[in-house]
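Below is one structure, written out as structure tokens, with a few remarks after it.
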Amino acid sequence: MIAFIVNGLPHEVDESRGDERLIDFLHDELNLTGTKFCCGVGICRACTVAASRPPNGAATPIVSCSTALSSVDGVSIVTIEGVSEGGALLPVQQAFLRHFAFQCGYCAPGFVMAAKIFLDGLAAAPVAREELDQAIQQAIGSHICRCTGYVRYYEALREVAEAVLDKKG
Amino acid sequence: MQVHRGGTCGVPFQRRTFLKGAAGLVGVTIMGVPTRGRAEAPLSAPAGGRSTPGVATMRIDGRAKVTGQKIFARDFNARDMPGWQATQWYGFYLCALTTEHVFLGLDLSSLPDRVKPARIILGDQLSAAVRKPKLRRWRDPLVERRVRDLQAAAMQAPAGAGFDNPLSGEPDLIVPRGNVPDFLGQAVALLMFDSIARYRAAKRFMQFRDAEFQIYALDSAAAKGMNAPFPPTTTYVKYFQGGETFSYATANNYKDEINNYKDRIATFLSGHKEFLTQEFDVSRIAMDPMFMEPEAGLAWHEAALGTLHLVLGTQSPDGDASNIKSMFDAADSPVRLKEIRLTSCYPGGGFGGRDSSPFSLLLALAAAFSDGHPVKVAYDRFEQFRVGLKRPAAALQGALVCAPDMKLQLVRMTINLDGGGLKNLSPYVASLASLCAGGSYEFPMANVFAQSVHTRNIPGGSQRGFGGPEAFLAVETALDDLAAAQKWDPIAMRRANLATAASLTVVGGPIAQDLQLAEMLDRVEAHPLWAQRDQIKSSYPARGLVYGTGIAMSLQAYGTSGDGMVAAVLIGPEGRLTVQSDAVDMGNGSATTLGVVIGGSLGANADQVDMGCSTLFGQTRLEESTDYIPHWKDRPFWTAKGVGSSSACLTGLHQVHTVQQTATALMAGAVLPAARIVWKRPDLQLADVEWVDGSLRERGGAGRASSRAELAKAIYDAGLPRGALGHAYFQSKWVEGDFETPGGTRRLSLDGLAFYGHGQDKPNPNPVPRQNTFAPDADVWRYSRFVWAPCVNVVGLTVDTTTGRVQIENVLSVLNAGRVYVPELVSGQSQGGVAMAIGYTLFEDMPVGMAGPANGRWNLDKYHVPRAEDLPLSASYAPGRRAQELIVMPETPGDNAEGRGIAEAVMCSVAPAISNAIRDAVGRRFASLPITPAKVLQGLAQP
């Protein structure tokens, strides 16, 4: 059996389903459609979810359209539906709203997930301010958005990242 | 605040309009997506909790999008839809591999049992009406008049006089066995699956293996109509010399005199040997809109009720419903339709690619063959590339003729678009491209021809810019070459020829707007990106790069030759305000804009905005006729056009106007009479009152003040209207009329008005006759367009002459947007447009034919859309920083307190600015898009 966690809840599938895509499981069986299908070949990163292997806890972004269920055995997955507790928005979600960062919004969940992972990592291991732009580019630079030209996404994430660094002193 | 797609007005009802067909009336209801009681963020929520009327601090749909809620068609399955049968089928189409051999059928014998479809539908199993539906195009009266004239001429032609396939209908939705496919990607079969596991397994098994499953005859054959133009073509000849005038818009016998005036132009030029001629030959390949959500939808034919349920993200919900009804209209239809219930979802991007897309027909067709189960059709990205509507490839040749004093004399241009296998909207694109051939300039003479040609390629249609970008690419690069050859300053050259409010276009129609083109050039000249371009340039060779600066202008014409819009504004019993529009928000933010523009009239932003309400027009009870005979004076319930497709450029002027006028009607017809009752002031007039901090009070501060809630209670207690429904028509001017309201007679820039009463199970507003109508002159449609969104772009870029790579360093866009309602949305459209233009100018490349996406193997590994590193990301220019800066011109009195439709405006001149900048950098013209590194190196290698 392949056992994994999604948004805190455990799931098991038979090993014979190991070749199935994670995004299809999220959509078809859990009705978690916040993770968006766009290219299906792991390039656009709209389908980004957070994956961590307990007990380490440090999350990395994975592209669920190109992740087989067999590779998430023992992994804890967090999707866009699972990032905010009690309906409260993350600071980066609030910043995306404040900055009008997205337009059609189809890529937004992927950006949120990648940004959240980046900001959590930044809080744990801050970088020098002069390295922040490069760090942001590494975090979301591969994400594709067709509507916005990325300017406002970067503005919003930079604002939140600087606040994280400010807090860290 | 709640966001609904074609919502419910807080009352359980069915919004209906009726489409008349051979089978009788078919009801069409447009529904909102099923909400789950989500709390939505208020439209604007500054500290303190009270929103500022007219100001948006975030997108109205933002919270739903940033939290991944179900709002896109792709998100939904039957289990999510209230009242739907839960068991869902799945369908996908197999696509034609050739247009040169007869399709004989399928061979699925190699499919293992676990992937075999439950049903296979072939084209010859469909009735003619289903296989080849009659599509209604009601998009642009100018173009449709020409089609009507062609059809009339064809009917009068002698039998056998000509091949009229382009006039006679559409290609088959599914190619019948024994026929040659009309275009690559045309469907040859529909495979239906009764389980998701089997469906997914089949897609995986069959992907990239098309040739194994399709059988074609060995002998060569040809599809019909190839290389014939889709009608109508467009010819604009203009001759304004020595007091003599001739143009499409002004001549009484235009068609008969075209050749005569072409000769006159030639004669005039032959008498001016001193004139300078700058030839041009530019081209661009087709472009994929690459919106992020591949087309997907649900359909369910509930046979017992004769209802077809659809869930779709489309820019043209009313047009789609009409065409689906037409498909199932014949007596031998596989389904009986009494009603179409369309849930209109937010599209995950559109850019024109979801306007009149064939997807809606293919989805509806699947519902006829799913044994009564709901069916989902969802393209993956390979399929979307394979069949999705493209920006047509374009080739433009011609010349600019100029006097030695820089004054432009003539634009001569031939525009050929590759329309692909479906007519779709490409002739309309060609028509607008012809108008845009005049650019931002006054030309006394013009000779422009444009056509969209039927080819075997993936169909092309409406895309952002709608022909404008193609024309501006030709004009602006030619101008630049001319200026360079004559050693003229490129801005001085443009200044010498700028169109003004007094100018006439190449069509002969008036500009009649305050464009501020000269002032925009002033801003450019003063900006360091232009003013210091030589200094900036000098810093790059040390880095092994060459730098160039390019400028280009665009005068994008938005709207069509006659536009109808509809909107409703409602007030709930506690004062909650709802705005409803037939328009679709595809990400441009029209829902947000329409929510705040009522702030001036009603003292608050909308609490709820419903988009995609395509049944609103039916509620107006306005009669719409297609015979082009105006009845403004004699029919008080008549309009020249109901509604059209949603283009992002129709928000700033058209949709805003309609919502604002409707809000004024509600104010006059309900709020004012309520205030009279509450304040016991029967003489109160609208001019006597104002909204202050959410309360209505008398101007001057004396007298009572009432909250909106108090006034709403009075409205409901007195049975005053709880909402207003307005329809507006724009054709160079807005139609106006006097309307009787409970608050008195009110003159409005609407051509239709109705008021919603109380106690109705279904909305059934009471229409008010229009009186004392002012209407545009009957012939203004000949102007083609009436409103303009000017922009100037300056691009600074580097060229690596060893790799051929071009990098955009800086972009400056100066935009005339008129009145700006939500600045963040305007700048967002600018940034997105710059990105898209950089993409198709430098990166996005795909061959035609089976070497390209038509082979089903194309994805983002092959089609490179810009990523962040490809674009300048700072929002303001500073030396050493890559930035894209937007300057929005201040509003002027000439804007009449109205906005402009700018969704396309900034994008339109970026490509020629890039080409001009490359020429400045390396001294060579690259006029074939995309300008790839290989092309740059090839060009540099030439002597």
Residue under evaluation residue A:93, criteria (1) surrounded by 21 or more Cβ atoms within 10 Å (Cβ to Cβ); (2) closer than 21 Å to residue B:74 by Cβ; (3) within 12 Å of chain B (Cβ to nearest Cβ), criterion not met: (2)
Residues in segment B:217-269 that are in a strand (DSSP E or B) and surrounded by fewer than 18 Cβ atoms within 10 Å (Cβ to Cβ): how many? 9
The lone exception for residue B:118 - which of (1) among the aliphatic types (A, V, I, L, M); (2) buried (at least 19 other Cβ atoms within 10 Å of the Cβ); (3) at pLDDT 90 or above it fails: (2)
If I filter segment A:73-87 down to residues being away from chain B (no Cβ under 11 Å) and in contact (Cβ under 8 Å) with a residue 40 or more places away in the chain, which single residue comes out as surrounded by the most Cβ atoms within 10 Å (Cβ to Cβ)? A:77
Any hit, segment B:276-288, residues being surrounded by fewer than 19 Cβ atoms within 10 Å (Cβ to Cβ), within 26 Å of residue B:854 (Cα to Cα) and not aliphatic (A, V, I, L, M): yes
Can you say whether residue B:368 is under 30 Å from residue B:266 (Cα atoms), of a type outside the set (Lys, Arg), away from every other protein chain (no Cβ under 14 Å) and touching a residue at least 24 places away in the same chain (Cβ under 8 Å), as far as the supplied structure shows? no
Name every residue in segment B:506-529 that is within 24 Å of the chain's Cα centre (by Cα) and at pLDDT 95 or above, in order of residue number. B:506, B:507, B:509, B:510, B:511, B:515
Have a look at B:883, B:934, B:927 and point out the one that is closer than 30 Å to residue B:278 by Cβ, of a type in the set (A, V, I, L, M), in contact with an Asp or Glu (Cβ under 9 Å, 6 or more places away or on another chain) and modelled with pLDDT of 95 or more. B:927
When you scan segment B:846-864, do you find a residue that is within 11 Å of chain A (Cβ to nearest Cβ) and touching an Asp or Glu at 6+ places or on another chain (Cβ under 8 Å), even just one? yes
Residue among B:867, B:881 that is under 23 Å from residue B:805 (Cβ atoms), of a type outside the set (S, T, N, Q), within 14 Å of chain A (Cβ to nearest Cβ) and in contact with a Gly (Cβ under 8 Å, 6 or more places away or on another chain): B:867
Taking residue B:696, is it over 30 Å from residue B:630 (Cα atoms), crowded, with 17+ Cβ neighbours inside 10 Å and free of Cβ contacts under 8 Å to residues at least 24 places away in the same chain? no
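The rows are residues; the columns are (1) farther than 30 Å from residue A:34 by Cα; (2) in a loop (DSSP other than H, G, I, E, B); (3) of a type in the set (A, V, I, L, M, F, W, C).
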| site | (1), (2), (3) |
| --- | --- |
| B:52 | yes, yes, no |
| B:57 | no, yes, no |
| B:71 | no, yes, yes |
| B:85 | no, yes, no |
| B:91 | no, no, no |
| B:105 | yes, no, no |
| B:110 | yes, yes, no |
Output the residue which, of all residues in segment A:40-55 that are closer than 12 Å to residue A:145 by Cα and not small (Gly, Ala, Ser), is farthest from the other protein chains (Cβ to nearest Cβ). A:45
What number of residues in segment B:486-540 are under 19 Å from residue B:816 (Cα atoms), part of a helix (DSSP H, G or I) and of a type in the set (Gly, Ala, Ser)? 2
Would you pick out the residues in segment B:878-925 that are buried (at least 24 other Cβ atoms within 10 Å of the Cβ), in a loop (DSSP other than H, G, I, E, B) and either out of contact with any helix residue (DSSP H, G or I) (no Cβ under 8 Å at 6 or more places or on another chain) or not charged (D, E, K, R) (or both)? B:901, B:902, B:903, B:905, B:906
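Rundown of residues vs (1) closer than 16 Å to residue B:564 by Cβ; (2) over 23 Å from the mean Cα position of the chain (by Cα), yes/no style:
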| residue | (1), (2) |
| --- | --- |
| B:616 | yes, no |
| B:620 | yes, yes |
| B:632 | yes, yes |
| B:652 | no, no |
| B:662 | yes, yes |
| B:665 | no, yes |
Give the number of residues within segment A:133-169 that are within 13 Å of chain B (Cβ to nearest Cβ), outside any helix (DSSP H, G or I) and surrounded by fewer than 20 Cβ atoms within 10 Å (Cβ to Cβ). 2
Out of all the residues in segment A:1-49, which are buried (at least 23 other Cβ atoms within 10 Å of the Cβ) and assigned to a strand (DSSP E or B)? A:48, A:49
Looking at B:446, B:430, can you tell me which residue is in a helix (DSSP H, G or I) and aliphatic (A, V, I, L, M)? B:430
Going through B:860, B:842, B:825, B:812 one at a time, which residue ends up being aliphatic (A, V, I, L, M) and in a strand (DSSP E or B)? B:812
Taking segment B:786-839 and keeping only residues that are hydroxyl-bearing (Ser, Thr, Tyr) and either touching a helix residue (DSSP H, G or I) at 6+ places or on another chain (Cβ under 7 Å) or away from chain A (no Cβ under 14 Å) (or both), one is left with B:798, B:801, B:802, B:803, B:813, B:821
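Here's the yes/no breakdown for (1) in a helix (DSSP H, G or I); (2) at pLDDT below 95; (3) within 14 Å of another protein chain (Cβ to nearest Cβ):
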position	(1), (2), (3)
A:57	no, yes, no
A:65	yes, no, yes
A:71	yes, no, no
A:89	no, no, yes
A:102	no, no, yes
A:105	no, no, yes
A:109	yes, no, yes
A:112	yes, no, yes
How many of the residues making up segment B:722-740 are part of a strand (DSSP E or B) and touching a Lys or Arg at 6+ places or on another chain (Cβ under 9 Å)? 6
Only one of (1) more than 13 Å from every other protein chain (Cβ to nearest Cβ); (2) outside any strand (DSSP E or B) fails for residue A:61. Which number is that? (2)
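The values are calculated or read from the model by the stated rules, or taken from the named source; none is laboratory data. Model, not experiment: these values are computed from the prediction. Positions of Cβ are backbone-derived with ideal geometry, glycine not excepted, and every protein chain shown enters the neighbour counts.
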